[in-house]
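Q: Sending over a structure as structure tokens; questions will come in a sec.
The values are calculated or read from the model by the stated rules, or taken from the named source; none is laboratory data. None of the values given here were measured: they were computed from a predicted structure. With ideal geometry, Cβ positions are generated from the backbone for all residues, glycine too; neighbour counts draw on all protein chains shown. When the accessible area is computed, the model is the full protein with side chains, heavy atoms only, and any ligands, DNA or RNA have been set aside. Shrake-Rupley method; radii C 1.70, N 1.55, O 1.52, S 1.80 Å.
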Amino acid sequence: MDYDVLILGGGIIGCAAAYELSKYSLNIALIERDYDIADDVALFNSTIVYDGLECNDSLMSKLEIMGNSLIRDMAQKFNVKLKEYNSMIIAEDENCQNKLIEIYNEKKDIIDNIYLLDGNDALKIEHALSNKVKKVLYSKNTLIIEPYDLALAYGEIAFDNGVNFKLEEEVLDIQRMSKGFRVITNKNKFTCNMVLNTTPGKNYSIGKSDRLNKNRENQKYFLLNNKVKKKFDSIITFIKEDGEQICMSPTIEGNSAVYIKSAFDISYEDAFNEIIKFNNLVKEENISQFYEIPFYNDTLIIDDSFMESGYISVNGKSYAQVTITPAIAKIVCETIVNNLNCVLKKDFIDKRREFYKFRDLCNNDRKKIIKLNKSYGKMVCYCNKITEGEIIDAIRRPLGARTLEGVRRRTGITFGDCMGARCLNKVIKILAREMNKDMTDIVRESGDSKLILGRIKEFNDM
Ligand SMILES: Cc1cc2nc3c(=O)[nH]c(=O)nc-3n(C[C@H](O)[C@H](O)[C@H](O)COP(=O)(O)OP(=O)(O)OC[C@H]3O[C@@H](n4cnc5c(N)ncnc54)[C@H](O)[C@@H]3O)c2cc1C
């Protein structure tokens, strides 16, 4: 066999499973069709870690509770930024109020640190709320985390512990053999004892699952700058009778994110009007980014119905996938390890290689680093204070960036107020130099997303 385990898909779940499995004496490879791992993890480097309270499905709720507890240890171990933010689910009318009472009664014995508050009591905790609030479900369990760093840490540590990452390789089929599996890609054929499939592939010969309960709605996403006059100190979700939800959440960087989830495809103007109903001090000039993306609320299925022969798959997409990832990775790893003859490695390195984030350092530390490596003295992004040294490190580190998106997610470049207007060309130039490529060959995130289409004048240098 080429491998003991083949992991298909390098999203956050694939990378987390690779990390858990790399603790064991196994020969593992991960196959990802894109240039980089975990490139769909979030729109920016800040996501909510839920606690199961907002979730209707009991299995998903349990996974969130387990993930919420595990993710704290992961963040500490991997040096990933995490901030505690309480959350409030808010009802402003009679029907929604009854819904909150129902949820509270259902979950109060399952989830610790949750409370049902009257509007007045909630106002004492969260001063920015309006006095229309009738009832509040209050939780002290929720967090905000940097999902890019979490996903990359999982991948990089797995790589450092021997997992073979095969990027830019697409799985075309998975076939069962008399013993083990054959995985066919656009470049190779591999044999293995076990397959963990985290890709949504529908045409594979094995594991066609019709059990997936797809639940998709529309979502409008606003990232607000930190000039908004009124800010909430908690993660606030307003629920409405028709199922629409507006969530306002602080981000790790101190801005606010707002999403509106609705069964209908509401316009940008209607979405913005909904926001100002709840926070009348938000102005249009406060919007730094706007996205329209589906709201995924599938019940995630860990399908082990072919486990006897060695095939396990994780199907579905959820708005809380970052939260549940550590739980899924642990469950899947336990199942796989119990089916293979393996032991824990003695030389497992449970640490991400260090790197510097200049904006988080004091001047003394900055000076010391610049003395060792002058590229840290060259500022590339003035908005977020990101240096050339950080970009070079992002490209050279294990599983390093090869695209603009890759550099962006590893360093935070182009996330500032100018959104790349002042630094984009400099990043492309560094990428080209480091990879020994032409600037016209550098892509944003995939093969067909070239950033520079061609030269307009034939100078020797660009
Ligand atoms: C805007 C947004 C906000 C979010 N906010 C939160 C939040 O606040 N809290 C939270 O907990 N979660 C949040 N999430 C959810 C979560 O981040 C994502 O759903 C999650 O990253 C998906 O991870 P995954 O690994 O399961 O799936 P994917 O990232 O989809 O992984 C599947 C991987 O398989 C690869 N692949 C597919 N087909 C093939 C093939 N044939 N061959 C090889 N590779 C293949 C894909 O390229 C992909 O990398 C958010 C998501 C989004 C988009």
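Residue-by-condition table, conditions (1) away from the ligand (no atom under 15 Å from the Cβ); (2) open to solvent by less than 70 Å² (accessible area, probe 1.4 Å):
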{"position": "Ala18", "(1), (2)": "no, yes"}
{"position": "Ser58", "(1), (2)": "yes, no"}
{"position": "Phe78", "(1), (2)": "yes, yes"}
{"position": "Lys83", "(1), (2)": "no, no"}
{"position": "Leu100", "(1), (2)": "yes, yes"}
{"position": "Asp112", "(1), (2)": "yes, no"}
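Q: Of all residues in segment 194-206, which are closer than 20 Å to Ile13 by Cα and either away from the ligand (no atom under 13 Å from the Cβ) or outside any loop (DSSP other than H, G, I, E, B) (or both)?
A: Answer for segment 194-206, where residues must be closer than 20 Å to Ile13 by Cα and either away from the ligand (no atom under 13 Å from the Cβ) or outside any loop (DSSP other than H, G, I, E, B) (or both): Met194, Val195, Leu196, Asn197.
Q: Can you name the number of the only condition in (1) more than 16 Å from the ligand (Cβ to nearest atom); (2) in a helix (DSSP H, G or I); (3) open to solvent by 50 Å² or more (accessible area, probe 1.4 Å) that Ile65 fails?
A: Condition (1) is where Ile65 drops out.
Q: Residues that are within 16 Å of the ligand (Cβ to nearest atom), surrounded by 18 or more Cβ atoms within 10 Å (Cβ to Cβ) and not in a loop (DSSP other than H, G, I, E, B): does segment 119-134 have at least one?
A: The answer is no, given that none of the residues of segment 119-134 is within 16 Å of the ligand (Cβ to nearest atom), surrounded by 18 or more Cβ atoms within 10 Å (Cβ to Cβ) and not in a loop (DSSP other than H, G, I, E, B).
Q: Now, a different point. If Ser58 meets every condition in (1) assigned by TED's automatic domain parsing to the domain that holds Lys179; (2) among the hydroxyl-bearing types (Ser, Thr, Tyr); (3) modelled with pLDDT under 95 apart from one, which number is that one?
A: Unmet for Ser58, out of (1) assigned by TED's automatic domain parsing to the domain that holds Lys179; (2) among the hydroxyl-bearing types (Ser, Thr, Tyr); (3) modelled with pLDDT under 95: (1).
Q: Could you please let me know if Glu106 is surrounded by fewer than 16 Cβ atoms within 10 Å (Cβ to Cβ) and more than 10 Å from the ligand (Cβ to nearest atom)?
A: Yes: the conditions hold for Glu106.
Q: Next question. Out of segment 151-186, which residues are more than 11 Å from the ligand (Cβ to nearest atom) and either in a strand (DSSP E or B) or over 26 Å from Asp350 (Cβ atoms) (or both)?
A: Within segment 151-186, Asn164, Phe165, Gln175, Arg176, Met177, Ser178, Lys179, Gly180, Phe181, Arg182 qualify.
Q: Taking into account only those residues within segment 1-16 that are in a loop (DSSP other than H, G, I, E, B) and more than 9 Å from the ligand (Cβ to nearest atom), which is most open to solvent (accessible area, probe 1.4 Å)?
A: Among them, the one singled out is Met1.
Q: Which helices (runs of 4 or more DSSP H) does segment 381-437 wholly contain that include 1 or more residues that are in contact (Cβ under 8 Å) with a residue 60 or more places away in the chain, of a type in the set (Lys, Arg) and buried (at least 21 other Cβ atoms within 10 Å of the Cβ)?
A: 404-411
Q: Now a separate question. Restricting to segment 21-47, name every residue that is surrounded by fewer than 24 Cβ atoms within 10 Å (Cβ to Cβ), near the ligand (Cβ under 8 Å from one of its atoms) and assigned to a strand (DSSP E or B).
A: Passing the criteria: none in range.
Q: Kindly indicate which of Ile266, Ile275, Ile312, Ile301 is closer than 30 Å to Cys383 by Cα and open to solvent by less than 60 Å² (accessible area, probe 1.4 Å).
A: Step by step, each of Ile266, Ile275, Ile312, Ile301 is checked, and only Ile275 is closer than 30 Å to Cys383 by Cα and open to solvent by less than 60 Å² (accessible area, probe 1.4 Å).
Q: Residues of segment 214-232 being touching a residue at least 60 places away in the same chain (Cβ under 8 Å), open to solvent by 20 Å² or more (accessible area, probe 1.4 Å) and within 13 Å of Asn279 (Cβ to Cβ), which ones?
A: Answer for segment 214-232, where residues must be touching a residue at least 60 places away in the same chain (Cβ under 8 Å), open to solvent by 20 Å² or more (accessible area, probe 1.4 Å) and within 13 Å of Asn279 (Cβ to Cβ): Lys230, Lys231, Phe232.
Q: With the structure loaded, tell me whether Arg396 is out of contact with any strand residue (DSSP E or B) (no Cβ under 8 Å at 6 or more places or on another chain) and among the charged types (D, E, K, R) or whether it fails that test.
A: The answer is yes for Arg396.
Q: May I pose another question? Looking at Thr411, Thr387, which is the one that is over 22 Å from the mean Cα position of the chain (by Cα), under 25 Å from Thr251 (Cα atoms) and at pLDDT 95 or above?
A: Just one listed residue meets the conditions, Thr387.
Q: Tell me which residues, restricted to segment 280-298, are crowded, with 17+ Cβ neighbours inside 10 Å and more than 11 Å from the ligand (Cβ to nearest atom).
A: Val282, Asn286, Ile287, Ser288
Q: Here's something else I'd like to know. Restricting the search to segment 338-350, which residues are surrounded by 13 or more Cβ atoms within 10 Å (Cβ to Cβ) and either modelled with pLDDT of 95 or more or of a type in the set (Gly, Ala, Ser) (or both)?
A: Within segment 338-350, Lys345, Phe348 qualify.
Q: In segment 417-457, how many residues are under 24 Å from Pro147 (Cβ atoms) and touching a strand residue (DSSP E or B) at 6+ places or on another chain (Cβ under 6 Å)?
A: Residues in segment 417-457 being under 24 Å from Pro147 (Cβ atoms) and touching a strand residue (DSSP E or B) at 6+ places or on another chain (Cβ under 6 Å): 3 in total.
Q: Can Leu281 be described as part of a loop (DSSP other than H, G, I, E, B) and more than 18 Å from Ile246 (Cα to Cα)?
A: So Leu281 fails the test.
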